[in-house]
Amino acid sequence: MMKAKRRKVETERVSPERVMQCLDATEVGIVICQWAEDKPIISYSNESGGRYLHLHEEDEHLNSSSSTLPEEFLDALKNCHRNRSQQRSSFRTSIDGISFVIEACTEPAAQDLYITTMKSFRYNLLPTIGEPLEFWVQQCIKDIFDLSQTSCVIVDADEDVQDLKVAFCTDRWIDTFVPGKECDGKWVQRELGMEVNNIRMWFKEILKTMKLEDGQAIMENEVILPNGEKVWAQNRCRYLYSLDNKGNYHRVGPQETTSLKVHRFINISNDVTEKKRFEAMAHLTKQLIDANDIVMAVVEPLEDGHFKWHLMNKKAMETVAMMVGHTDTKFVETATSSKTAGLTLEHLKMYRDVIGKLKDSGKKQFTESISDPVAKREYLCTACEVGAELFGLILIDVTDIRETEKQVKEKETLIATQSKFLAIRTPLTGIIETLNHFLEKRLSEEDLDILNMGKGCSEQLLCVINDILDYSKIEYNEITLEIQSVLLQGVIEESLDIVTMQANKKHLPLICMTDFDVGTQIHADRGRLRQIMCNLLTNAIKFTEKGQVVLSGRIFDENTLEISVKDTGIGISESFKSRVFNPFEQSDSTITRRYGGTGLGLSICKKFCQSMGGDITVVSEEGKGATFIVRLPFSRVSPTEESAALTLMEEQLQSTCQTAGRIAIVVEPQPAQAEMLRKTLEGLRFTVRSFHHVDEIPATAAVDEVISVVILDTPLMKDRERVEGQFTTAKMILVEEFAPGLTVEGESKHHVLSKPLRRRQIVKMLHRLTVAKIQTPMKNQTQQTPNELKGLKVMVAEDNVTNQKVIQRILSRIGVKDPHIVDNGEQSVQASMITCYHLILMDCNMPVKSGVDATKDIRALQRKEGGRQSVIVALTADTSSANHQLCMDAGMNEVLTKPVRIEKLKQVILDVYNQIGLNK
């Protein structure tokens, strides 16, 4: 090769200094060395060469210790000196914190001079073979990153700055995280605008990789981009090395500690936002599948008859665990087939049969009811083909549905049975009313005994029917509480009224002792509360031959009502106490034969108490009576007009007695009754003087004290006359047995309290006698005689002839003459078009048109005409709450249950009579 001629330098036109400036301006490093004493001496270097070799101008003759020069550079220089031939080398250096690879070419020059030219290339990859990769290798690696669309970045994590500086990044990384920005050498948070929390999290996580054996980790996190968009990124991070302040790198081992603060990492990122969305959707889908009670599984039938599981929801795993006697589903999760889970081929046969029927049918799915004897459940099993020899099994548990169907059938049977009982009640109404009619006549003792026997049997049969109907409704949860405002003293006294005749027949004193304000108003189910007390009182009277029955009531803990019924009867044995509240239970068969009953009364009481949030207990000793204690939660309510009036009377009595010092004498031979009177009177602030007999009253009693009231319980007329003569200025109150139908002709100077004594009756009478002004007694409107109910228009809609006669007779006794009677609902509607009746008594079940439909038509007719609305009262043998609500929804004002009680019907009729003003 011909050597080029050297161009002559025109020093006159270009000075050496200018030449030096030009050489310094080029990025090619130029260094001239010579050998002296077996070591190189740098004679000249332009600026680029000085930067690449880290030469300092202050060094004399630009000399640099050979120990500070790169080993690769020195080796090439030595070889060139030794061989007098061109030598190439490459080495790594750092300039201003940026890594470069320097490619150098050293050649011999004139005499002992050697010239080296150097080119620089950015370098960011870890050397893997002990020396920096050549530039063309680096470029290949970068091309691979770009062609594979890899999102890669190499960053320097500066612990002092707490930020990441980009040393290298691919275009894909830029497009994903900081689109359109120049990234090389930029701080990720400060200059590129990455969210602070992202940087902190990254910084913390990538530093952890320095302590890992392989120096790498995978992490997924949500990233907030500078534009506010949120993406999910999967980062594969690897620790490369740490840098000192001169740019030299040092690999820090997992167990080593270092004072270096800058660490370089390579991070390959993948945008997994869509993957995360799919995962979230899959997780949500799994939650929905696991949340329901449907068994879902994808199975593959195996040749040995077992199933390989490909997918099972939570319910399926729980079911399999239950089938093999486990409570934990973990072993099901690890089991791969029904065989490893422990299921038997006999058990799996029913499921294989469903899959077999699916294949035979040629349909997409097949459904069949199966009964799993191992799971003890009824399933509706659906099989469908989801892939080659892959089948989905969906099992819907219909055990409860089947049980409900069974209960519906039982209920239908029960309703049919109830209908028969309801049918019995209708003729019973006629029988009882017929017996009442003859009992009012003058008859011989023998005839009276026979009639009373017939009436007693009829009432007992009616009681048995009512108990059976009530208990059947309780068993099927048809009893709904009808909470209303109730005068507590009133409902207790109503219970006494119902059983009074039963107690009088056995000459048993009924005593009511209550320890709360007489005007106490509470929230309660009036009917259920009364029925509980009636059942307990009826039992107490039934099993007591002599002694007394005491009904007590008190309030404690401010919100608990306690009612107890104590008798002096036969008591309860210890062995029977645990069964006393069970249905159809009697202590022995002789009890049923001697006392009768169904054994349902106490069971009904227990159910009612529990439905109201309370309970019932019993304390008893055989042969010494029994005490049943009911405790119920309650809440007080605002007083009604009656309760407010009673409270006012009680307060006025207390004030009058305290001011005037009222004294009351009580003559009562029955100790418990005397105690009840004493407590009641002392509660009203009376001073009480109690005596068991008239003979015990001192002769000077009327002289020593001013007696205001004398309460006398004696059947002897001579005793009454004696007391009247002794206490001429006192108000005389007689206590008498309750005798229905017996009235006193003319005016009487005596005031009478009927047994059982009632606090309301006592308070009202004493208030009238000692507080209120004396007025001429006026007849209470609720006590009108039959002749006074003139002008009241009443229609009776009843298809049963016997019931027609019974109701007509009751109305006649009350004072309603000539009611209009129709046979069906349609006739009642037609009659209402002609006459506007004040009161309509409507049977619910009638031919042609039911009482409910007839009521709807009558209400529509009256609304259209805009006239007066009739009071419509249902007469029904159906005591269910659903029937009651049906009647009220149709527009009826009240519902009376057959057999109709004359007192209740009388009260309804008199209310209507007084409301329309016919009493004036």
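The values are calculated or read from the model by the stated rules, or taken from the named source; none is laboratory data. Please read all numbers here as calculations on a predicted model, not as lab measurements. Here Cβ is always computed from backbone atoms with ideal geometry, including for glycine, and neighbour counts include all displayed protein chains. Quick note on the areas: whole protein, heavy atoms, side chains included, nothing else; ligands and nucleic acids left out. Shrake-Rupley method; radii C 1.70, N 1.55, O 1.52, S 1.80 Å.
List of remarks:
- From the options Leu393, Leu358, residue that is open to solvent by less than 50 Å² (accessible area, probe 1.4 Å) and within 19 Å of Ile294 (Cα to Cα): Leu393
- Contact map, the stretch 174-197: first residue within 17 Å of Ile268 (Cα to Cα), second residue modelled with pLDDT of 85 or more and part of a helix (DSSP H, G or I), Cβ cut-off under 7 Å, separation 6 or more or different chains; pairs are Cys183/Ile174.
- In the stretch 817-843, the residues that are of a type in the set (Ser, Thr, Tyr) reach residues that are open to solvent by less than 20 Å² (accessible area, probe 1.4 Å) with C-beta atoms within less than 6 angstrom, at least six apart or across chains, in these pairs: Ser828/Ala797; Ser828/Val822; Ser828/Ala854; Ser832/Ile858; Tyr837/Met795; Tyr837/Ser870.
- Number of the condition not met by Lys357 [criteria: (1) over 38 Å from the mean Cα position of the chain (by Cα); (2) outside any helix (DSSP H, G or I)]: (2)
- In summary, helices (runs of 4 or more DSSP H) completely within the stretch 757-864 and bearing 2 or more residues that are modelled with pLDDT of 90 or more and buried (at least 17 other Cβ atoms within 10 Å of the Cβ) occur at 759-770, 825-834.
- Taking the stretch 625-717 as the region of interest, the helices (runs of 4 or more DSSP H) fully inside it that hold 1 or more residues being under 58 Å from the mean Cα position of the chain (by Cα) are 641-660, 671-683.
- Considering Gln652, Gln673, the condition of being farther than 30 Å from Gln610 by Cα and open to solvent by less than 60 Å² (accessible area, probe 1.4 Å) is satisfied by Gln673 alone.
- Failed condition for Arg200, given (1) in contact with a strand residue (DSSP E or B) (Cβ under 9 Å, 6 or more places away or on another chain); (2) not in a strand (DSSP E or B): (1)
- Summed over the stretch 215-248, residues that are within 30 Å of Leu53 (Cβ to Cβ), free of Cβ contacts under 8 Å to residues at least 60 places away in the same chain and open to solvent by 80 Å² or more (accessible area, probe 1.4 Å) total 1.
- Asp857 satisfies every condition listed in (1) farther than 30 Å from Gly527 by Cα; (2) outside the structural domain of Lys906 (by the TED database) except (2).
- Extreme residue, modelled with the lowest pLDDT, among residues of the stretch 865-888 that are part of a helix (DSSP H, G or I) and closer than 22 Å to Arg528 by Cα: Ser881
- Within the stretch 519-563, considering residues that are under 19 Å from Met501 (Cβ atoms) and basic (Lys, Arg), the one nearest to the chain's Cα centre (by Cα): Arg530
- Qualifying residue in the stretch 681-697 (condition: touching a helix residue (DSSP H, G or I) at 6+ places or on another chain (Cβ under 8 Å), open to solvent by 50 Å² or more (accessible area, probe 1.4 Å) and under 21 Å from Val491 (Cα atoms)): no
- Looking across the stretch 284-328, the residues that are aliphatic (A, V, I, L, M) and in a helix (DSSP H, G or I) come down to Leu284, Leu288, Ile289, Ala291, Ala316, Met317, Val320, Ala321, Met322, Met323.
- Among the residues of the stretch 485-519, those identified as farther than 18 Å from Val735 by Cα and part of a loop (DSSP other than H, G, I, E, B) are Lys506, Phe516, Asp517, Val518, Gly519.
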